[in-house]
1. Please list, ordered by first then second residue, the pairs with beta carbon atoms under 6 Å, 6 or more apart or interchain, first in the range 239-254 and closer than 19 Å to residue 406 by Cα, second of a type in the set (A, V, I, L, M) and assigned to a helix (DSSP H, G or I).
2. Residue by residue through the range 246-272, note down the ones that are closer than 18 Å to residue 138 by Cβ, aliphatic (A, V, I, L, M) and more than 16 Å from the chain's Cα centre (by Cα).
3. Please give the strands (runs of 3 or more DSSP E) falling wholly within the range 145-229 in which 2 or more residues are under 26 Å from residue 253 (Cα atoms) and within 14 Å of the ligand (Cβ to nearest atom).
4. Residue pairs, Cβ under 9 Å, 6 or more apart or interchain, first in the range 347-359 and hydrophobic (A, V, I, L, M, F, W, C) and away from the ligand (no atom under 16 Å from the Cβ), second at pLDDT 95 or above and in a strand (DSSP E or B). List them.
5. Give the residue that is nearest to the ligand (Cβ to nearest atom), with candidates limited to residues of the range 319-342 that are touching a Gly at 6+ places or on another chain (Cβ under 9 Å) and outside any strand (DSSP E or B).
6. Check 249, 258 and return the single one that is among the hydrophobic types (A, V, I, L, M, F, W, C) and buried (at least 18 other Cβ atoms within 10 Å of the Cβ).
7. Consider only pairs whose beta carbons are under 9 Å apart and that are at least six residues apart or on different chains; among these, list those whose first residue lies in the range 414-431 and is assigned to a loop (DSSP other than H, G, I, E, B) and whose second residue is within 13 Å of the ligand (Cβ to nearest atom) and among the aliphatic types (A, V, I, L, M).
8. Would the range 366-382 turn up any residue that is outside any strand (DSSP E or B) and at pLDDT below 95?
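The values are calculated or read from the model by the stated rules, or taken from the named source; none is laboratory data. These figures come from a predicted structure and were not determined experimentally. Note: ideal-geometry Cβ built from the backbone for every residue, glycine included; neighbour counts use all protein chains shown.
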Amino acid sequence: MSLADLRTHYTAAINPEEIGDEKVTIAGWVHEVRDLGGICFVVVRDRTGRGQVTLVKKKIDKELFDTARKLVRESVVSVTGTAKPEGKAPNGYEIIPDEIKLLNESQSPLPMDTTGKVEAELDTRLDSRFIDLRREQTTAVFNIRHEVLRAVRDFLTDSGFLETSSPKVVATATEGGTSLFPITYFDREAFLNQSPQLFKQILMSGGLDRVFEIGPIFRAEEHDTRRHLNEATSIDIEASFCDHFDVMVILEDMVAYVYEQVIENASASLEALGVELQVPKTPFMRLTYDDAIEVVNSKGGDMLAWGDDLGTAAEHTIGEHVFKETGESHYFIIDWPTEIKPFYAMPYEDNPLLSKGFDMMHRTMELSSGAQRIHIPELLVSRIESQGLDPEGFEFYLKAFRYGMPPHAGWGIGCERLVMTMLGVDNIRDVVLFPRDRRRLSP
Ligand code: AMO
């Protein structure tokens with residue numbers, strides 16, 4: 001027997017009218033056993049849905065009937081039989097079995113309920129993620145995440161971007177030195193990379209012109225919040241002969257496309273989560289940093305001075321303001337003070353106090369940040385120094401700017417934040433299979 005014989009059909013793919021008397025074999029987990037004495041129903045669940053197996057005591061082999069009755073919930077089985085139409089069963093059919101193979105018996109009780117009757121705490125669910133994934137709503141989140149990443153890849157590939165990968169073990173900080181995870185690399189100290197930033201910029205000097213990367217970023221941030229992970233998935237792009245406004249258009253168009261694709265291709269998952277998606281309208285509102293400060297200060301409360309970073313409370317006020325004005329959740333904040341943007345953000349030529357950096361927000365949460373970059377090596381060195389960093393540590397990066405670096409721009413958007421805001425999920429851990437946070441290192 002080949003293992004392929006354990007399944008001929010997914011449960012959702014069976015249509016008894018098409019199949020006729022041909023035998024079908026489904027495989028999956030025992031979702032439910034209902035033993036009514038003279039009749040026993042076994043509901044088998046796989047990734048696509050559920051199929052009902054019906055055994056009438058009088059019409060079926062006694063041993064087979066006993067096997068079915070004694071099945072323990074969440075055990076793995078393969079069932080072969082004939083499919084008949086049955087309006088009351090899931091997917092509109094029932095299988096009259098010839099054989100039930102018990103492939104792996106589940107222990108009981110289960111670490112958590114899978115039927116949806118008892119709501120488990122997030123921590124319990126994450127501790128037993130393999131069981132949590134057997135709930136339809138959890139699988140739906142990861143189906144949607146898959147669809148998001150597929151749409152991102154399609155969109156960027158169709159827009160002429162090349163998919164690249166950069167090292168995750170590095171010698172230098174990219175986003176400031178305080179939030180690095182040090183590791184031992186043979187006899188040297190190294191770090192887990194915070195962002196593909198420096199590498200994607202080097203690729204512009206290499207002439208790759210438009211690149212993207214989807215990969216992990218590591219941030220040793222101490223805070224334990226609903227929107228921070230210590231290992232996140234970043235979608236990054238970099239594009240040559242572009243300014244910040246050019247890449248902002250790519251970003252908003254990509255986000256709108258992702259929403260469209262999720263609506264088109266993941267409707268069942270959206271339904272399982274009770275989410276009704278609206279495609280965000282483009283172009284997103286563009287608010288200058290000065291506008292943002294004015295909005296915050298006009299509402300009273302804690303006043304912001306020019307040069308202050310926008311904290312959570314300020315972002316909340318601005319998000320509410322934009323929603324009231326436009327009915328939309330997504331917006332950009334542009335023209336930030338150079339001093340509070342990373343060293344690689346290009347200052348405006350006619351007003352170096354302002355930078356060509358931007359943030360893209362969803363209501364109160366930053367989804368993405370980006371900038372036109374500095375491509376002039378002398379200016380880059382002086383910006384690195386003025387942020388208290390040592391240009392020597394950046395030599396591998398600076399070298400790429402001395403032999404023909406084109407003007408370029410790019411951004412990074414957090415995959416998890418994109419998915420969580422899309423689904424209205426409250427805690428970022430819900431959209432990561434195995435989250436890494438301040439406390440969680442296993443599973
Ligand atoms: P930044 O540090 O703003 O920019 O990160 C870009 C986006 O990545 C996501 N993100 C996170 N998500 C969850 N948990 C975290 N701890 C976390 N940190 C970041 C956010 C954020 O907006 N190099 C620049 C990008 C660029 O300019 O191209 C950068 O990394 O959604």
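1. 239/247; 240/204
2. Within the range 246-272, 268, 272 meet the criteria.
3. Numbers: elements: 181-185, 188-192, 210-218.
Output list reads 210-218.
4. 353/337; 353/347; 354/288; 354/337; 354/347; 354/348
5. Let us first name the residues in the range 319-342 that are touching a Gly at 6+ places or on another chain (Cβ under 9 Å), namely 329, 331, 334-342.
Among the residues that remain, those that are also outside any strand (DSSP E or B) are: 329, 335-336, 338-342.
Working: 329: 15, 335: 15, 336: 12, 338: 14, 339: 16, 340: 12, 341: 9, 342: 7 Å.
So, considering only residues that are touching a Gly at 6+ places or on another chain (Cβ under 9 Å) and outside any strand (DSSP E or B), the one nearest to the ligand (Cβ to nearest atom) is 342.
6. Numbers: 249 fails: buried (at least 18 other Cβ atoms within 10 Å of the Cβ).
So the residue among 249, 258 that is among the hydrophobic types (A, V, I, L, M, F, W, C) and buried (at least 18 other Cβ atoms within 10 Å of the Cβ) is 258.
7. 425/419; 425/431; 426/420; 427/420
8. The initial filter retains those residues of the range 366-382 that are outside any strand (DSSP E or B), namely 374-382.
Checking the rest, the ones that are also at pLDDT below 95 come to none.
Among the residues of the range 366-382, not one is outside any strand (DSSP E or B) and at pLDDT below 95, which makes the answer no.
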